[in-house]
Each structure stands twice: as C-alpha cells, then as structure tokens.
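Chemist: Sharing a structure, written as structure tokens. Questions coming.
Throughout, read-outs are computed from the coordinates displayed, never taken from laboratory work. All of these numbers come straight from a predicted model, not from anything done at the bench. With ideal geometry, Cβ positions are generated from the backbone for all residues, glycine too; neighbour counts draw on all protein chains shown.
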Amino acid sequence: MNKAVCFIVLFLSFFLFINLDEDKVLKSSLLEEENFNKMEKKPPVRLEKENIVLSEPSPKTIYLTFDDGPSYLTNQILDILEEKGVPATFFVVGANIEKYKDVVERAYISGHTIAVHSDTHVYGYIYSSLDNYLNDLNSIRSKVHNITKDYPRIVRLPGGTSNTISKKYKEGVVSEITHWLDKHDYYYFDWNIDSLDASGNASKEVIYNSVINNLKTGDNIILMHDSSTKQSTVEALPLIIDYAKKYDYTFAKITKNTNLYHHKVRN
C-alpha cells in the first residue's frame, strides 16, 4: 500500500514538473515572438522634408542604394536614416517581401524610393530569356504594388548591366533586356561606388573606406546591401553619412528625374 501511494505521489510530481516546464517554454516562446513582432512592426515615420533632398541633386550628391532586402536589418537601416535625416533607395527582392511587408511600408511612407531588383534573383532563370526576365520583373512589381499601391519603374538588374554571368544562360540577353526597358519607359540604374559589402566577410572598416575613398564631385551612386547577413553594412552606414555631411555632400533618393547611370553592357 505504501509503495502504491509513493508511486502515485512520484507520478503526480513528475507530471506537475513536466507541465510547469512546458509552461515556461511556452511563455518564453511567446515573449520571443512578441519582441520580434514589436521590432518588425515599428510604426512608419515620415521624414521631415526640410532635412532631406528628395530629388534635387547638388554638385556633390550621394544616392544610398540597398539591394537584396528587405530583411530584419532593413529596420535598423531605416532607424539610422531617420536619425540622420537622409533618404535612400531600396531595390527589393521577392523572397522576403511578404514577411517584411511592414518594413517595406515603413520605408515607403517615410519617403524613401522602393525600386525593384528581382523576384527570384535566380540568374539561371531570369537570364535564360527576355520573357523569363519580364515574368520575374512583373512578379516583383506586383508584390510591391500590393504593399505600396504603386508599380515601380525604377530597376536594377541582378549583377548590374555589366554582368557577364548571364552569357552562361543566353548570349546577348542583357542587351535585349536593357533595350526593352528603354523602349518601355523604365529607369534602370547601376552604381559608380561599390561598398564591397557583397563579400560575406567585409568588415565595417572595409565598407566605410571603400565608400569614402571613392566619393567625388557629381553623382555618387553607392551600392550596398540590406540582406540578413549584412550587419557590417549597418555598422558602417552612420559613419559614412557623418563623413559625407562633414564634407558638404548632400543625399537624395533615386527618382525618374535622377541622372541615369549605366555600366557598359557586356552581354
């Protein structure tokens, strides 16, 4: 009888322990999800127009451009831009746009340009034919429209218009694409300063020096990335902005009125 009672007590104690432990795990998981949602759904804040140059270039203009987002880091970038009173242009991809649609909306409402990069960003698909590129383009434009109610006409090709990887999939396809974009009133942009942050191990010092050592009079279109592995870009960004302001550079976002900058097409 005593053994039976002891067994029941041990069983009930074990059951109670398991439930308490599961309750702790559940509460921890809910707290983590709550913090994540708070971070991702930060209310959009419109930049004060008197603090930024929206589309009027100066003799020394910087266009900050970010490819391959959005990601969780995009919110951090938006925080920095808001703090510094600086506009930017985001060339978005389709992979995470649904997950981070609140981030895209925040960027749009804050006055930044939402441009398009690619829906799939799969070179073997988009560069195998003009039709495939256009299908990809229409898909990412539709996803942006679902968030902003605008159909973007500002474009950056994956790898830029000078990429030669596309030759592997179809000879002359980039020439076909750029000709089509010109004919149908799209505005495609390459860059004239590479931050070198595409490298997976670029430090903030490398990114910072790659940018400031190449600034010049005229238009400076800076290539950066806001995908989820680019923490060093986030760390370098405020340093770049502070340096540029110190030396009288102004900042603008890309619009249809911005001077076009194209690389030489190599395919």
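Chemist: When the Cα centres of the stretch 121-137 and the stretch 201-267 are compared, how far apart do they sit, in Å?
Modeler: 27
Chemist: Moving to a separate point now. Which cross-chain or sequence-distant (5 or more) residues have an amide H under 5 Å from the amide H of residue 92, H modelled 1.01 Å from N in plane?
Modeler: Residues meeting the amide H criterion: 115, 116, 117.
Chemist: Sorted by packing (mean other beta-carbon atoms within 10 Å per residue), highest first, where do 162-172, 57-67 land?
Modeler: For the peptides 162-172, 57-67, the packing ranking is 57-67, 162-172.
Chemist: Using only alpha carbon pairs under 8 Å that are at least six residues apart, calculate the relative contact order of the stretch 61-136 and give it in whole percent. Please report the intermediate quantities before stating the final value.
Modeler: Working: 91 pairs, mean separation 22.6, N = 76.
Here the relative contact order equals 30 percent.
Chemist: Give the dimensionless ratio obtained when the Cα radius of gyration of the stretch 49-251 is divided by 2.2 N^0.38 Å.
Modeler: My calculation over the Cα atoms of the stretch 49-251 gives 0.99.
Chemist: PRE reach from residue 72 (point 7 Å along Cα→Cβ): which of the stretch 89-131 fall under 18 Å by backbone N?
Modeler: Under 18 Å, as judged by backbone N against the label point of residue 72, lie 95-104 of the stretch 89-131.
Chemist: On the Cα set of the stretch 54-151, report Rg and Dmax in Å, please.
Modeler: 14.2, 43
Chemist: Can I ask one more? Give me the net charge for the shell around residue 224: Cβ to Cβ below 10 angstrom, other residues only, Lys and Arg +1, Asp and Glu -1.
Modeler: Once all neighbours under 10 Å are counted, the net charge is -4.
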